[in-house]
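The values are calculated or read from the model by the stated rules, or taken from the named source; none is laboratory data. Only a predicted model underlies this, so the values are computations on that prediction, with no experimental measurement involved. Quick reminder, even Gly has a Cβ in these numbers, built from the backbone with ideal geometry, and neighbours come from all protein chains shown. Note: accessible area is taken over every heavy atom of the protein model, side chains too, but ligands, DNA and RNA are not part of it. Shrake-Rupley method; radii C 1.70, N 1.55, O 1.52, S 1.80 Å.
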Amino acid sequence: MKTTILYFNKLALSGVLAFSMFACGEDDVAPQQTAQVNMSFNTVNTSSASAGERVLAGNSLAFTSGFITIREIQFEAESATDSVEVDLEQITVIDFATGISTPDISGLTIPAGTYNEVEVEIELQDDSDEPAVVLNGTYTDANGVKHPVRFEFNSGETFEVEKEGAITFAGGESILAQVTFDPNVWFIEVTDEDLSLAAKDAQGVIVISETQNTDIYESAAEGLDLATEVEISE
């Protein structure tokens, strides 16, 4: 059985599973001939330099816990004659430490067939006072001293990952759409100097949000808009 993996690299509760499927074209595939789409989330929580050569050796920013809340996932596949769209609208919380989503996202189905383009869109939750992304970690300065950091992002950002080229999904095939959230990329423009001069709250935490350490926040927010990559593995 072939497994297709979509990697989303450059970024990154309760609910009722509700999705709809639309197919059009003259050569629609029989409903019983379907492939299953399972969503998987990978989080990068290892320590790495946050800005390449601009950060002194040994300095690092690493996030190890927190959550990412999404409100909608849209899976689209197009061929020369057909198009399929699967919408999953529900509040889903992804545990950053484990990549586990609550509720679990699995069992979506699409008609079997050959498609020349596959796209996945993910929209962050923005209908709540609570930030869509809250990550906790540490910044290690040039002297090896660790400082607690919390990143709060509260915007309805939409991420897209796209793969072009002929992809065949056979009936009964399992498709794994794996999304990777990598804060190291989000903070790639944040320098050692930025972090060493960052203000701390009353508990000694470097809070990066819309209202605290806003320059760092804006740099990280721009990092969320970086181009995405997709890789198909058969």
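Maximal additional length on extending the residue 130-residue 81 stretch stands at 13.4 nm, based on 0.36 nm per residue less the C-alpha distance. How many angstrom lie between the Cα centre of the stretch 83-112 and the Cα centre of the stretch 137-186? Between the Cα centres of the stretch 83-112 and the stretch 137-186 lies a distance of 15 Å. Of the two radii for the stretch 50-176, the radius of gyration is 1.10 times the Kirkwood radius, both from the alpha carbons; that is the Rg over Rh value. With θ taken as phi - 60° and the Karplus curve 6.51 cos²θ - 1.76 cosθ + 1.60 applied, the whole-hertz 3J(HN,Hα) list for the stretch 187-199 is 9, 5, 8, 8, 9, 4, 5, 4, 6, 5, 9, 5, 6 Hz, x standing for glycine and proline. The distance between label points at residue 215 and residue 146 comes to 2.7 nm (points 7 Å beyond Cα on the Cα→Cβ vector).
Modelled label positions at residue 158 and residue 64, each set 7 Å beyond Cα in the direction of Cβ, lie 3.7 nm from each other. Per residue, the solvent-accessible area of the stretch 84-222 (1.4 Å probe, heavy atoms of protein chains only, all protein chains present) comes to 42 Å². Does anything in the stretch 150-176 have its amide N under 11 Å from the 7 Å Cα→Cβ label point of residue 38, and if so which residues? Residues 174-176 qualify, since their backbone N sits under 11 Å from the label point. Remark: the residue 121-residue 197 segment gains 23.7 nm on full extension, using 0.36 nm per residue and subtracting the alpha carbon distance. Counting protein heavy atoms only, the stretch 102-234 has 42 percent of its accessible area on carbon and sulfur, 1.4 angstrom probe.
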